Amino acid sequence: GTVRAVAAVDLGATSGRVMIGRVGDGVLELEQVARFPNGPVQRADGWHWDIEALWGHVRDGLAEARRREPAIESVGIDSWAVDYGLLGPGGLLAEPFHYRDERTARGVDAVHAVVPFEELYRRNGLQFLPFNTLYQYAADPRVADAEVSLLIPDLLAERLTGRRVAERTNASTTGLLDVRTGEWDHSLAEALGIPSRVLPTLVDPGETVGRVADEHGDLPVIAVGSHDTASAVVAVPLSTPNAAYISCGTWGLVGLELPAPIVTDAARAANFTNEGGVDGRVRFLHNVTGLWLLSETVRAWSEGDGEAVDLPSLLAAAAEEPAPARLFDADDGALASPGDMPARIAALLGMPSPGAADRARFARIIVESIADAFARTVRTAGDLADREIDVIHLVGGGALNALLCQATADRSGLPVLAGPVEATALGNVLVQARALGCFGDGVSLEDLRRRVAEAFPPRRFDPRT
Ligand code: LRH
């Protein structure tokens, strides 16, 4: 059979990539065309994203993808959630803020003074995260001056196509979508002083946003699950009806795919979210602070040493250490903002910041603490949804971390099926390919997942007793 090609742009909080995806009978492949670093940049008024640098990488990466593979038929974009750019007549009004900027705390108080959290949860179904977009808007006076607000993938799609839309899975992370209808909750926005005009027309994954022209001709930009976690969940090769997933990158997104939201008091108390998935599925999950703890720790040590600390060697050394007696709560809010992570973790553990000789042991504590939070959260998800969880699929960069996968299996007592590592890019590719008709008609997520499991058989970690 014929092999068809699409381009996927996938931007994570620590790195971005442009991939060529190829699909056909028995074929599902990714070719990385560009990979570039990303991260918070500090400006006079706080932490931002360098959106112009990202845009440059996306534009150049797409040009290179088209040069390598002239048969590319479409482009899809996903990124981390919640962050946005405000557009005025001349383009961006300001550089987008990074969600870890602490200005959002002001917004939380302002929003909850108008709509208490209990009521918000009933309406938008979202776990409390201080950076949910509605809190950011409440701390951002420029919203009043904007023509429109676009989440990061929509902002990049606008630069490619000129079209201003809001892809629905990512829009669900703003806190301004009605959890029952999936439509903008205009009365909530109005109560919070957010002008309705800044909330653009919603589109679903699979819809064409617009077209992008270059010297090779013109191509559709197709909406995918533009929230990276939504795309990742598309490509989780769920192997049983009671499987849980962990999409593990900067964050560990731990939960279940459900047909309908759960907005009970118990779900609210456990801080579980109901985000919008592809095909109207619900991503019922909780954010556990994931590899952020390791990447920030390694960053602090590298800065202190004046040379890069190598994470793979650190993890190899950590695996040789004994299992730690004490853990910290990976979910602790004190670990959310950038800067001096080892000292903050040490403070939670009630110990001094580790010296150079203690790094492997310290890394082991971090990995085991993340795994402990993962196991606990899987249990909670099962309890809340009344499901007997029988397997955990761990996808994303964390699937490369064998120590973390094994510790998650051991601490949950469940098998962990690890991979694919590039679940997000695969989900992006598959939703585009399905929209192009590459797989025929009436193709379900289950059909897509079967293709993932065949092309990327997961690595199994059984719990050790
Ligand atoms: C993961 C992610 C997560 C959001 C956070 C802001 O990259 O999109 O799903 O909660 O970033």
Cα→Cβ-extended label distance, 7 Å offset, between residue 25 and residue 343, nm: 6.3
Computed label-point distance, nm, for sites residue 43 and residue 302 using a 7 Å Cα→Cβ extension: 2.4
Protection proxy ranking, peptides 221-234, 9-22, 191-204, average beta carbon neighbours within 10 Å, highest first: 221-234, 9-22, 191-204
Three-way shape label, region 388-432, alpha-carbon gyration tensor, a/c 1.5: oblate
Relative contact order %, region 317-465, counting alpha carbon pairs below 8 Å whose residues are six or more apart: 21
Residue-averaged 222 nm ellipticity for the chain, from DSSP H runs of 4+ at -39500 (n - 2.57), nearest 500: -11000 deg cm²/dmol
Whether region 382-465 is rounded, prolate or oblate, judged on the alpha carbon gyration tensor where a/c under 1.5 counts as rounded: prolate
Histogram of C-alpha separations across the chain, 20 Å bin width, %: 25, 59, 15, 0
DSSP H segments from the chain that extend 27 Å or more along their own axis, Cα-based, with Kyte-Doolittle mean of -1.0 or above: 359-385
Loop sites in region 283-377: trypsin sites (Lys or Arg not before Pro), DSSP, at most 15 other Cβ within 10 Å: 326
Loop sites in region 167-273: GluC sites (Glu not before Pro), DSSP, at most 13 other Cβ within 10 Å: 183, 215
In region 359-449, the GluC sites (Glu not before Pro) that fall in loop regions by DSSP, at most 11 other Cβ within 10 Å: 388
Where labels lie 7 Å past Cα in the beta-carbon direction, separation of residue 163 and residue 119 in nm: 3.7
Normalised contact order of region 72-202, rounded percent, pairs of Cα under 8 Å and 6 or more residues apart: 30
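Every number here is computed from the coordinates shown, using simple stated rules; none is lab data. On a predicted model such as this, the values are computed, not experimentally measured, just so you know. For neighbour counting, all protein chains shown are included, and Cβ atoms are generated from backbone atoms with ideal geometry for every residue, glycine included.
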